[in-house]
1. What list of ³J(HN,Hα) values in whole Hz, one per residue of segment 95-110 in order, does the Karplus curve 6.51 cos²θ - 1.76 cosθ + 1.60 (θ = phi - 60°) give from phi, with Gly and Pro shown as x?
2. Can you list residues whose amide H is under 5 Å from ILE13's amide H, if they're 5+ apart or on another chain and H is modeled 1.01 Å from N?
3. Amide H to amide H, which residues 5 or more places from SER285 or on other chains are under 5 Å from it, using H placed in the peptide plane?
4. Test of understanding: what is the full-extension gain from PHE29 to ALA296, defined as 0.36 nm times their sequence separation minus their Cα-Cα distance?
5. Check which residues have an amide H placed less than 5 Å from LEU243's amide H, if you skip close sequence neighbours.
6. Provide the gained length on full extension for the span THR261 to ALA289, in nm with one decimal, where the gain is 0.36 nm per separating residue minus the Cα-Cα distance.
7. How large is ³J(HN,Hα), in whole Hz, for each residue of segment 292-298 in order, when computed from phi with the Karplus curve 6.51 cos²θ - 1.76 cosθ + 1.60 and θ = phi - 60°, using x for Gly and Pro?
8. Return the sequence-ordered ³J(HN,Hα) values of segment 48-62 in whole Hz as given by the Karplus equation 6.51 cos²θ - 1.76 cosθ + 1.60 applied to θ = phi - 60°, using x for Gly and Pro.
Amino acid sequence: GVPPAASDKYEVIERRARICICAPKLEKFVGGSHFVPLSRSKAGKDEWIFSKKEEGGNPFVLRGQSEVGYELYIELSALCRKKGTTTVGPLAMQKGDIKELSCGHATVPLNKTFAATKGKVKLALAGGTPWAKTTIAAGDLKKSKGLFGMMGKPPPSELVIEIVQEKVEGKGEVLPRNLVCAALCIEAISQFMHVQRQGAEAVKDWSRPVIADHVQSTFPTIMDNIDLMTRFALNWKDAAKKLPKGASQKEVDQRNAAFRTAVAAFYPLPYMEANKFPKNFDDGSPKEARKDTMDALFKKKKVSDALQGQDTFQFVPFRIEELMLPCTLR
């Protein structure tokens, strides 16, 4: 029972679910968001089915504060192109040739009831916003083709999710209080938080610390790109298997150093010229170009070889101010 996009004006490029935490009373969203692309939709039905493959961002992990008025927000949306247009890139977004249209959303309060819930749960789809919901009317739904489909009642507008209550051992103490991300990415995000702590510890005795660290500036950019983050998470997952798991300072330093090396390998990609590595999935730019560039980069034997950039690689190099640490003694 998912309301379709206006088929007379737009053609659908991609369907997806966008997930985040919201605070309805404050009328704002909390933390970042995560999205899961559609796996398939059943023919003749407004039914969206999502893959459970880790690489597709599903299952996802939710970590949020309970009993403070927060809600899990899941929006179904369709990335659409206006019929008859061919523009791509930022111009397509500016002109409105490509838009993301909402197809309904569902929310569930983050409270003790939610914390005790397990298994499949049905949530009613609504229109509007999390703080000003509207009812999805029967006329908003597309009836199935055929005589019986035309005569029958439209399907209920609902979203089915499966909840698994599971603690992330050894990582909860460093993860952000409010987080929605792919389960695949938890290990990488946890290690990044350790690197952040180490960076903060190094400048705690300075009165005006300015941390200029390529890892702390680059990793959030990697997280903003689902294909980059998925690839990084897979790479880090393999690399972490070979590292010590102990809590001694030597072992912690070893893991942090390995993480820095892993991020450095990805450094050229988010800063590369847009003609070689398109910046936005939602502006009609070809995804294949991004994948081809990533594949080419990681075929290099050494990171330093790739950074030479003698063929397809164009990127913004390190700036000296990124490596400086201006501080004032107390």
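Only the coordinates and a few stated rules stand behind these numbers; no lab work does. The model shown is predicted, which means the values in this text are computed figures rather than measured ones. We place every Cβ from the backbone using ideal geometry, glycine too, and count neighbours over all the protein chains shown.
1. 7, x, 6, 10, 9, 9, 9, 6, 10, x, 9, 9, 10, 9, x, 8
2. When sequence neighbours closer than 5 places are left aside, the close amide H contacts are LEU79, CYS80, ARG81.
3. The list, which skips near neighbours in sequence, is GLY89.
4. On the way: separation 267, 0.36 × 267 = 96.12 nm, distance 3.74 nm.
Gain in length upon complete extension: 92.4 nm.
5. none
6. 7.6 nm
7. My calculation for segment 292-298 gives 4, 5, 4, 4, 5, 4, 7 Hz in order.
8. Per residue, the Karplus-derived 3J(HN,Hα) values read 9, 10, 10, 5, 9, 6, 4, 5, x, x, 9, x, 10, 10, 10 Hz.
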